[in-house]
Every structure is written in C-alpha cells, then in structure tokens.
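Worksheet: the structure to be examined is printed underneath.
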Amino acid sequence: MTAATLARKRPPAFPASWTSRLAWSGLALYAVYASSLMELTWPRFLKGLENGAKFLDRMFPPNFEADKLELIRDGMLESLQIAVLATFFGVLLSLPMGLAAARNLAPPWLSWGARGLIAVLRSFHPVIVSILFVKAVGFGALAGILALIVSTVGFVSKLFAEVVEEMNPKQVEAVRATGAGFLNVLAMAVFPQVMARFVGLAVYQFDSNLRNSTMVGIVGGGGIGAPLFTAYQRFDYDVVLTILLVIIALILLCELVSGRIRRVFQ
Amino acid sequence: MTAAAGRAVLSIRNLRKEYRAGQPVLKDISLEIDGSGLTAIIGPSGTGKSTLIRCINRLVDPTAGEILFEGGDLARLSGGALRQARRRIGMVFQEYNLVERLSVIENVLSGRLGYLAPWRAFLRRFPDEDVARAFDLIEAVGLEESFATRRADALSGGQRQRVGIARALMQAPALILADEPTSSLDPKTSVEIMELLSEMSARRSIPTLVNIHNVGLARRYAGRIIGMTGGAVVYDGPPAGLSDADLKTIYGGEDFL
C-alpha cells in the first residue's frame, strides 16, 4: 500500500510559471539590447572612473574661504526660508484640499474635482514646476516657494485624504447622532482622529521641501542652488564640496528635529 | 399595551425599510413609546432591531412610514431640521463609539455639539454650565472626577460605556436609543450597565429604547418587551407576559430554552 502511495504521481508542489520565466528573460534581453544601443562598454566605464578620480581629487580640500562661506550662508538661509514658507502655506492649503478629496466626507462632485486637481499638481517634477514659475513670476525665491507649494499640496493633500478615508466611521457616526453640524463633527470627531498623522505628513514634507529648496535655485528659483550651479560651471569643485557638506549637515539636523516632533504628536 | 397617542413620545407608523428593493428588513412596523421607563427590543440577529433603532434618529433612512417625534415626522426631516431633532435623541452604541483620542470630558461634552458654534467646538470653549454638568454626569454614571481628563482609549469597556451613557444624557434628550449596549461587555458589567440605563431612565424620566440579545436582562430591567422576528413585531407586552411559547415564536426552535 505504501509503495503504491509513493508511486502515485502527485502534482508538483512548486509548478513552473512560464509567464514569469518569459518576462524575466525578456527583461534581461532588453537590458543587453539597450546597453549596446547606449554604447555602455567596459572601456567607456573605465574612462569614466578615471575622470571621476580627477573630479574627486579637485574637490579636496573643501574651500572654507570667508567670502565663499558668506555666500554659502546666505544661500542656505534663503533655501531654508523657501522650505519653511512653502511648507507652511502648502500644508495650510492641503488641509481643506485633503478633506475635499476624501470620499467619505465630501460629495462625489467635490471629491472627484479635488482628486483631479491633485493629480494635475502631482504630474510634474518640482524642477519642471520651478521652471514654469521662474518664467511666470521671474527669478528669485518667490518662484521657488510657489513651485514647492505646488508639490506640497500634491503630496500632503493626497495622503491626508487617504488618512481621512481610513478613519473610524463609528466615532463620526456617534458625534453626528448628537445633532452636531458638519463643522462640529470635523472639530470633535474627524480632526482628533487624523491630526496626529497630518502633522506627521507635514513634517515629512518639510524634510522633502528642504531637499528640493536646494535644487530650485539651479533653474533660478532662489536659494543655495544658484551658487552650487555656478561653482560647478566654474570648475570650483572645492566650493561644490563645501556646499554639499553644509547641505548634508542641515538635512541631518532637520531629520533629527522632525523625528522628535513626530514622536511628540503620536 | 400601547399608550394613548397623545401621551406618546414617539409614534412609529407603518415603518418599512428595504436595503434592496423588494426585500424589506422592516415590514410595516407600528409602535408607540410612551413617556417613561425602559423598553427592550429582543429578537434574533439580523431581524432588523438595529435598523429599527437607527431609522429613528436617521442614521439609516427608512423606505416608507412615519416616525412622529416632538411634533415632526423624523422620516421626512433633513438638514438643519434633522440635526435639531437629533439633539433631542441620545444614542448609546454597542462598541461605545467614543472618539478614542479625546478625553472623557470632551466625549461627554460632545453631547452639546448640536447647540455649539463651530469656533467654540474647535477651540473647546464650552460654556461653563455645560462643563459643570459634564462633571456632574461623569460622577452620576459612576466614574470618578479624575477620569475627566483621561483619554477614552485608556478606559475599560464598562467605563467606556458609562462615558457613552453620559454623552447621551448630556444632550438632555427626550428619548434615549441604546443599540446592543451590553453585547461587548462581560456578564457582570452588562448588569451594571443595564442597571445604570434603567436608573437614569426612571430618575430623569427619559423613555429608553434598548436592543438587547440577553432575554434575562431584558426581563429584569425592562417595563415592556417588544419581540421581533423577520422584520415584524410578534410580541409587545410586559416581561411577565412573555411565555416560552412567545420566545419560541421570536427565536424559532426551542433548544435554547
């Protein structure tokens, strides 16, 4: 009987999936084909390494001359201010926007409208939005702030709407049953449930805005980006390194602070 | 058993609810709830007890029928008029439905939100007399004053349900609805909560309508029992009159007796 059981053919425990085999080999083939198209060859890679070594060599030591430091300080302060202002106004706009996009609070015409607008705001990279605003309102910090407000509203209001949609409807129902109007339901049933996570999103977005505020200057939107770009173009790689170190220090500092803030609001 | 129409706090006439057309969950229910005491609604799960209670304060919209309360038809109200009527109807829930991240006293004060301007709600500027009453109610439902500032999610089930009852009482309602108020609680706490509901109902003369699974508790605390099965009322009378034959009609079968 045992022998018969062993002999009986069972279905394979891990059946081969021809679809996934085909997909993987297709991907591998395409990667080889695309590399040949882009002339990604071993000699080209070695030449790149050689060039990179020269570049690194010219970066050291970082340039700490007083006039450069002054320039960097002004640029960094402007970047920081761009990040703070963009976060403040962007988060302020995201609050009503996120509520309007939440399908469990807003009527369909409103939530679909808000969702459409958010999708448009999210469809461009901050660099492209920055270029648009530099062309529209001229060079300087204003363009950078406006561009980062757009990306802040796009990110925060989308995720905030999801947080609102995940809240516990029973708590809201109970407050509604007391005869409370919409705004009072918001104040005493919706906000208490979602505010901690909203603050978390806002702080996270501030980190992200700080990173992006160092970039908007490259296209003329103000901040440290402009001196950084100039330094690259003049081959002042030692100044580039100084700027990069200062940016790293500021970002680390802010991550530390924002981590603390998030923990307080849990 | 029904009281004279003139004295009734709540008159339900031919109430019908269909979640899907042609499949009524409530089949033309007519009931009068008069001015005092605790009325228990018993019946098997899925028989429409919860739907009946939720139709009264319009957490569920009825398909047809009238719900007469304080001179208006609740079934036809909407917007501001509905909110004004809801202010007069307190509700206690099976899972308490407190706002977990708010303190006990904020939850109790929620009972006044129908009367409060939004800016006051956002800034928690409740009138002093409301705050004083909220403290009184926290003690009246058997919690200590020190509970007022504790967060609702730090409380046990029985304590949360006491807060839920305080929130309903805070509305100074003309009627209290309780939807399975003891189903999430242990037997001892269930008795305490029913005791509290019947005591508050009697002392403040607020008629209270309770959905309940526990027939023993219903007999013990209710002055009137309504038995429902299949979306219709099959028994309406005092607990003493509820016979095994009636229970058989309500629940079907007799193994549970």
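Quick check on the protein assembly as shown: take the gyration tensor over C-alpha atoms, sort the square-rooted eigenvalues as a ≥ b ≥ c, and tell me if it's rounded (a/c under 1.5), prolate or oblate.
prolate
For the range A:63-265, with every protein chain kept in place, what is the accessible area per residue (1.4 Å probe, Å²)?
That works out to 47 Å² for each residue.
For peptide B:89-97, compute the average count of partner chain beta-carbon atoms within 10 Å of each residue's beta-carbon.
4
Can you give the FRET efficiency to the nearest 0.05 for A:A66 and A:V127, using r as the Cβ-Cβ distance and R₀ = 41 Å?
0.80
How much accessible area does A:E78 have with a 1.4 Å probe, in Å² rounded to the nearest 10?
That residue has around 70 Å² of solvent-accessible surface.
Taking amide H positions as placed in the peptide plane 1.01 Å from N, state which residues far from B:M228 in sequence (5 or more) or on other chains have amide H under 5 Å from it.
B:I42, B:G43, B:V234
Do any GluC sites (Glu not before Pro) in the range B:96-199 lie in a loop, going by DSSP, with at most 10 other beta-carbon atoms within 10 Å of their beta carbon, and if so which?
Filter output for the range B:96-199: B:E144.
With both bridge residues required to lie in the protein assembly as shown, what share of the DSSP beta bridges run antiparallel, to the nearest 5%?
About 55 percent, rounded to the nearest 5.
Only Cα pairs under 8 Å and at least 6 apart count here; give the relative contact order of the range A:63-265 as a rounded whole percent.
Value for the range A:63-265: 31 percent.
Could you provide, to the nearest whole Å², the per residue accessible area of chain B with probe 1.4 Å?
42 Å²
Need one number: nm distance between label points at A:I251 and A:V264, each 7 Å from Cα along Cα→Cβ, rounded to one decimal.
Inter-label distance under the simple model: 2.5 nm.
Computed on protein heavy atoms with a 1.4 Å probe, what is the summed buried accessible area for the chain pair B and A, in Å² to the nearest 100?
Interface between B and A: roughly 2200 Å².
Angle check, please: helix B:128-140 long axis (alpha carbons) against the longest principal axis of chain B (alpha carbons), in degrees 0 to 90, nearest 10.
50 degrees
Starting at 0 and stepping by 5 Å, how many percent of the alpha carbon pairs of chain B end up in each bin?
Histogram of Cα-Cα distances, whole percents per bin: 1, 6, 13, 17, 19, 16, 13, 8, 5, 1, 0, 0.
Of A:A16, A:L71, A:A53, which is farthest along the charge dipole of the range A:1-74 in the positive direction, counting Lys and Arg as +1 and Asp and Glu as -1 at C-beta?
A:A16
Once you've got the GNM for chain A with C-alpha springs shorter than 10 Å, pick whichever of A:R197, A:R21, A:R234 has the biggest mean-square fluctuation.
A:R21
Charges on Cβ only, +1 for Lys and Arg, -1 for Asp and Glu, centred on the Cα centroid of the protein assembly as shown; of B:A168, A:S258, B:A75, which one is farthest towards the dipole's positive end?
So the residue we want is B:A75.
Could you rank B:E18, A:E166 by how accessible they are, 1.4 Å probe, largest area first?
I get A:E166, B:E18, largest accessible area first.
For the residue pair A:A13 and A:E173, what label-to-label distance in nm results when each label sits 7 Å from Cα along the Cα-to-beta-carbon direction?
4.6 nm
When the Cα centres of the range B:79-118 and the range B:120-137 are compared, how far apart do they sit, in Å?
Answer, in whole Å: 13.
Using protein chains only and a probe of 1.4 angstrom, how many square angstrom of B:V215 are accessible, to the nearest 10?
The accessible area of B:V215 comes to roughly 30 Å².
Probe 1.4 Å, all protein chains in place: accessible area of B:S243 in Å², nearest 10?
The value for B:S243 is about 50 Å².
Would you work out the charge dipole size for the range B:94-252 about its Cα centre, treating the Cβ of every Lys and Arg as +1 and the Cβ of every Asp and Glu as -1, and quote it to the nearest 20 debye?
Taking the Cα centre of the range B:94-252 as origin, the dipole is about 260 debye.
Could you pull out which residues in the range A:226-242 have an amide N less than 17 Å from a spot 7 Å beyond the Cα of A:F55, following the Cα-Cβ vector?
A:228-242
Roughly how far apart, in whole Å, are the Cα centres of the range A:153-205 and the range A:18-68?
Comparing the Cα centres of the range A:153-205 and the range A:18-68, I get a distance of 46 Å.
Just the Cα atoms of the range A:63-265: what Rg and Dmax do they give in Å?
Taking only Cα atoms of the range A:63-265, I get Rg and Dmax of 20.0, 69 Å.
With a 1.4 Å probe and every protein chain kept in, tell me what percent of the accessible surface of the range A:202-243 is carbon plus sulfur.
Carbon and sulfur atoms account for 58 percent of the accessible area of the range A:202-243.
Loop only by DSSP, 13 or fewer other Cβ within 10 Å of the Cβ. Give me the chymotrypsin sites (Phe, Trp or Tyr not before Pro) in the range A:176-241 that pass, ordered by residue number.
Taking the range A:176-241 and a limit of 13 other Cβ atoms within 10 Å, the loop chymotrypsin sites (Phe, Trp or Tyr not before Pro) found are A:F235.
Taking a quarter of the surface of the Cα convex hull of the range B:180-254, what do you get in nm²?
That works out to 5.4 nm², a quarter of the Cα hull's surface.
What number, in percent, do you get for the relative contact order of chain B if the mean sequence gap of Cα pairs under 8 Å and at least 6 apart is divided by its residue count?
Computed value for chain B: 27 percent relative contact order.
Quantify how strongly other chains surround peptide B:116-125 by giving the mean number of their Cβ atoms within 10 Å of each of its Cβ atoms.
4
Per residue of B:98-105, count partner chain C-beta atoms within 10 Å of its C-beta, then hand back the mean as an integer.
4
Can you figure out the FRET efficiency of B:R150 with B:L82, using R₀ = 30 Å and their beta-carbon distance, to the nearest 0.05?
0.35
Can you tell me the dipole magnitude for the protein assembly as shown around its Cα centre, using point charges on the Cβ only (Lys, Arg +1; Asp, Glu -1), in Debye to the nearest 20?
It comes to approximately 1000 debye.
The values are calculated or read from the model by the stated rules, or taken from the named source; none is laboratory data. Quick caveat, the model's predicted, so the values are computed rather than measured. Here Cβ is always computed from backbone atoms with ideal geometry, including for glycine, and neighbour counts include all displayed protein chains. Side chains included, ligands, DNA and RNA excluded: accessible areas come from the protein's heavy atoms. Shrake-Rupley method; radii C 1.70, N 1.55, O 1.52, S 1.80 Å.
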